[in-house]
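Below you'll find the structure, written out as structure tokens, and then a few comments.
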Amino acid sequence: MTLDVVARAIEVLEANWNGSHTLPATGLYPHQWSWDSAFIAIGLRHISPRRAAQEMDALLAGQWADGRIPQIIFDPHRDSDYSPGSSFWKSRSISGSPDVVDTAGLVQPPNHAWAIWKIHQADPEESQRRNFLARAYPRLVAWHEYLRTRRDRGGNGLASIVHPWESGTDNSPLWDDAMSRISDVPQHVFDRPDLLHAEASERPSNREYGRYFWLAERYRDHGCDDADADYLFLFEDPLFNALYAISELALAKIATELGRDASPHERRAYELTSALAGLFVNGYYAARDVVAEVLVEKATINGLLPLLIPGIPTANELIATMEGPRFMGSGALLPPSYDATASDLNPELYWRGPAWFNMAWLSATALAANDRTALADEIGSRLVRLADMNNFPEYIEPWKATPHGTQRFSWTASLVLETERHKDWGIFT
Ligand code: 2M8
């Protein structure tokens, strides 16, 4: 069984590899996505550390002059297969964008330094031969500097996201109230190529898409400059900032490996962890709506994953919530993306309840780091089995395990490899 599932996961990643990077899924997501590539590289390192490094190199080639790593690097041949594509963003006309590739102007959660450190760990000699860490380090520092200097829009020491797509958890109930403030419609006449590859009932509605486009247009038309005083959507998301803190700790390890001073990165991780305390409520981390100046008190998987940060003072409360009726105590096979007891839970609809394999892997990693190895192993073995049974789905209904979204999804396959091959759950190994 073990060998077969590994072979099948590798086969998905081979099929989705396009020569320089891995598509999240060949139909629904035909370009390179930022945080997908990092999750993909974490699994890929077990079959080819070299290709995992190539995946990250391809992504870093899309970095902007201000340091941002874009949400998407577009394949110019597939513009009509995904919306919004390069013809919407027209990134080359925006100052500071790369002139070799077309990208989106938004970003995604900063899991990149973490992935790069893990790739190095898979084969330090190969990494050294290719100067992998030395090449990546200044780019990763510039990326984190962008977040620190341009994205602390709330002044609380945390990075704000400027669009639901930046959270990676696009239509999480966390963003509902803020999105309902958008009453204008976008100029861009958008189509929905995504609905050719996934059921409409499992994807955001057209109304939600209209608001996504409106926000993206506003950001684009402001030159993606992050200095738009009346901007309508600014959020401090606990998962985005937890991954930022983990990536700072990874940068500290990279700096040490390169013989540089690790202390600025350790300090920054500490500052982020302290700033996250302002989001903690009732057993989980809320998201802060920076525009309305309120905490959105909805328990989501985003709000449990600061548990990844070593020594986080709220660990016991987070574990109790994870084990309780809102998450695993509900009888879910994998952690649902949203509170199982919430009246608006929808276990089949995109980020409003289903279980995602990256979140399951992050949860197991965090639980194991906090001496909950039995639950971590249980989630890990279910992750592998349910992915394999369902042809590596994008997400599943957490109680019945029915597959939803698209299938043969790359990070599902890669995190199966990581779970199978990296048995100790070590965060930085
Ligand atoms: C989903 O997001 C994209 C926009 O970025 C979409 O819905 O079209 C999310 O699940 C996101 O986390 C993921 O990175 C992306 C590609 O897999 O798909």
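The values are calculated or read from the model by the stated rules, or taken from the named source; none is laboratory data. Every value quoted in this text rests on a predicted model; they were computed, and no experiment measured them. Every residue, glycine among them, receives a Cβ derived from its backbone with ideal geometry; neighbour counts consider all protein chains shown.
Could you please give the count of residues in region 339-373 that are among the basic types (Lys, Arg) and either under 14 Å from the mean Cα position of the chain (by Cα) or more than 21 Å from residue 319 (Cβ to Cβ) (or both)? Walk me through it before giving the result.
If we filter region 339-373 for residues that are among the basic types (Lys, Arg), which is where we start, we get 352, 372.
Checking which are either under 14 Å from the mean Cα position of the chain (by Cα) or more than 21 Å from residue 319 (Cβ to Cβ) (or both) leaves us with 352.
Counting residues in region 339-373 that are among the basic types (Lys, Arg) and either under 14 Å from the mean Cα position of the chain (by Cα) or more than 21 Å from residue 319 (Cβ to Cβ) (or both) gives 1.
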I'd like to verify a number: residues in region 61-76 that are surrounded by fewer than 19 Cβ atoms within 10 Å (Cβ to Cβ) and modelled with pLDDT of 95 or more, how many? 3
Any residue in region 60-79 that is part of a helix (DSSP H, G or I), under 27 Å from residue 356 (Cα atoms) and under 19 Å from the mean Cα position of the chain (by Cα)? yes
Can you tell me which condition residue 139 does not meet? The list is (1) surrounded by 16 or more Cβ atoms within 10 Å (Cβ to Cβ); (2) away from the ligand (no atom under 13 Å from the Cβ); (3) under 22 Å from residue 218 (Cα atoms), and all the others hold. (3)
Inside region 280-334, the number of residues satisfying the requirement of being modelled with pLDDT of 95 or more and part of a loop (DSSP other than H, G, I, E, B) is 24
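A quick yes/no check of all residues on (1) of a type in the set (D, E, K, R); (2) touching a helix residue (DSSP H, G or I) at 6+ places or on another chain (Cβ under 6 Å):
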| position | (1), (2) |
| --- | --- |
| 210 | no, no |
| 225 | yes, no |
| 232 | no, no |
| 266 | yes, yes |
| 270 | no, no |
| 274 | no, no |
Residue count, region 9-59, condition in a loop (DSSP other than H, G, I, E, B), more than 15 Å from the ligand (Cβ to nearest atom) and surrounded by fewer than 23 Cβ atoms within 10 Å (Cβ to Cβ), comes to 5
Only listed residue being buried (at least 18 other Cβ atoms within 10 Å of the Cβ) and more than 16 Å from the ligand (Cβ to nearest atom), chosen from 227, 269, 216: 269
Just one of (1) more than 22 Å from residue 143 (Cα to Cα); (2) of a type in the set (Gly, Ala, Ser); (3) in contact with a Gly (Cβ under 7 Å, 6 or more places away or on another chain) trips up residue 65, so point out which. (1)
Return only the number of the condition from (1) modelled with pLDDT of 95 or more; (2) more than 26 Å from residue 365 (Cα to Cα) that residue 169 does not satisfy. (2)
In this structure, does residue 123 turn out to be out of contact with any strand residue (DSSP E or B) (no Cβ under 8 Å at 6 or more places or on another chain), charged (D, E, K, R) and within 16 Å of the ligand (Cβ to nearest atom)? no
Which of the numbered conditions does residue 416 fail, given that it passes all the others? Conditions: (1) more than 18 Å from residue 11 (Cβ to Cβ); (2) more than 14 Å from the ligand (Cβ to nearest atom); (3) buried (at least 24 other Cβ atoms within 10 Å of the Cβ); (4) not aromatic (Phe, Trp, Tyr). (1)
Can you confirm whether region 389-410 contains a residue that is farther than 18 Å from residue 4 by Cβ, within 16 Å of the ligand (Cβ to nearest atom) and without any contact (Cβ under 8 Å) to a residue 24 or more places away in the chain? yes
Counted residues in region 166-189 being under 15 Å from the mean Cα position of the chain (by Cα) and buried (at least 21 other Cβ atoms within 10 Å of the Cβ) come to 6
